[in-house]
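Nothing in this text is a laboratory measurement; each read-out follows from the coordinates by a stated rule. On a predicted model such as this, the values are computed, not experimentally measured, just so you know. Glycine also receives a Cβ, built like all others from the backbone with ideal geometry; neighbour counts cover every protein chain displayed.
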Amino acid sequence: MKRSLLLSAIFLAGSLMRPALAADPLTLQLKWVTQAQFAGYYVAKAKGFYKDENLDVTIKPGGPDINPSQVIAGGGADVVVDWMPSALATREKGVPLVNIAQVFQKSGLELTCRKDSGVRTPKDFRGKTLGVWFAGNEYPFLAWMAKLNYTTSGPNADVKVLKQGFNVDPLLQKQAACISTMTYNEYWQLIEAGMKPDQLVVFKYETEGVATLEDGLYALQPKLNDPKMVDRLARFLRGSMKGWQYAMDHQKEAVAIVLDNDTTGAQTERHQTTMMSEVAKLIPGSSHGLGYLEPASYERTVDELLAGKSDPVISKRPEDATTHAVWDKAFAQK
């Protein structure tokens, strides 16, 4: 009996002395700076949801000089947040990006115009200066203009494209009739700058029937051939969607977590509170659950990108650009 107890004690002591298995590292590259657009990931890290999945997740903020597709292609991330038009255009250029989950089910993209510019309908865009973000964000706009049969380049272009900085100054200073805005960000920057809603005319891509999918999660195809990485990404997806659900259910706390992670100090509680509220409207919608890419939404996005008669965003329908394997591993058996 004493010998048995002694062996048990030795075994227990040895177990305590052995280091715990290290959490699997995973790096996420965001599309933009730290803000409530990405609250779910910051919440998942802060609340321990990634830790519960035995993951050590590094979240890398984006910025005006950071292209998520280039980061992952260069080995700087395991998974990135990107818009599908950008991801598919990049894939066609040779970077094998694959959508593994679709967080935003609806588009938040808009074209916001000054009412005093005379713009009332898309027919009034002709001859006007329109502000557009580039670095991959231009593709939905170019697809819409192509669908309207408006040319956007050349000396006799139907619309003049202003390469818009990541601010709303062109509209405030009347440098453009319209600028690109998001329902959760730049539109509210205009309001906070003193403009009134009745001074603006807003064209939502969703309402205009030209919406494409935005914030999704992408990995590289070769990585998806590794069962261990698929398992790691599935755990990441499970933790992330738990984070997003918590963020939507506890928006005030989620905003506080985002602000805690904003090392620049540029974000304000007021703006982030509005952003969190608006972002929460874009995430639900899949009949399967958070993060599931609906095939019909994917096909709609591809159709929009192929719509241009002379200059489509992509030249052919992509193959193997999406997978449900990671989502299924994360949730199908739960």
From the Cα gyration tensor of segment 175-324, with a ≥ b ≥ c the square roots of its eigenvalues, which class applies: rounded if a/c is under 1.5, or else prolate if a/b is larger than b/c, or else oblate?
oblate
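Based only on other Cβ atoms within 10 Å, what is the fewest-to-most ordering of T112, T268?
The fewest-first ordering by Cβ neighbours comes to T268, T112.
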Reachable lysines, given that their alpha-carbon falls under 18 Å from the alpha-carbon of K228 and they are not under 8 places away in the same chain
K51, K329
In whole Å, what is the distance between the alpha-carbon centres of segment 244-282 and segment 129-150?
29 Å
Dipole of segment 133-289, Cα-centred, from +1 at each Lys and Arg C-beta and -1 at each Asp and Glu C-beta, to the nearest 20 debye?
340 debye
Sort S287, S107 so that the residue with the fewest other Cβ atoms within 10 Å of its own Cβ comes first and the one with the most comes last.
S287, S107
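Dipole size in debye (nearest 20) for segment 109-204 around its Cα centre, Lys and Arg Cβ +1, Asp and Glu Cβ -1? Provide the component values of the computation, followed by the final result.
Details: 12 positive and 9 negative charges, 66 e Å.
Around 320 debye, computed over segment 109-204.
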Across all Cα atoms of the chain, Rg and the largest Cα-Cα distance (Dmax), in Å, are 22.6, 95
Charge dipole (debye, nearest 20) of the chain; +1 at Cβ of Lys and Arg, -1 at Cβ of Asp and Glu:
460 debye
So, in Å, what gap is there between the alpha-carbon centers of segment 171-221 and segment 45-75?
25 Å
Sort 271-283, 188-200, 229-241 for me by packing, meaning the mean count of neighbouring Cβ atoms within 10 Å per residue, highest on top.
229-241, 271-283, 188-200
Projecting each Cα onto the charge dipole of the chain (Lys/Arg +1, Asp/Glu -1 at the beta carbon, about the Cα centre), which of L109, V80, P318 comes out farthest on the positive side?
V80
For the chain, what does -39500 (n - 2.57) per DSSP helix run (n ≥ 4), summed and divided by total residues, give at 222 nm, in deg cm²/dmol to the nearest 500?
-10500 deg cm²/dmol
Going Cα to Cα from K163, which lysines come in below 20 Å? Please leave out same-chain ones fewer than 8 positions away.
K31, K128, K174, K204
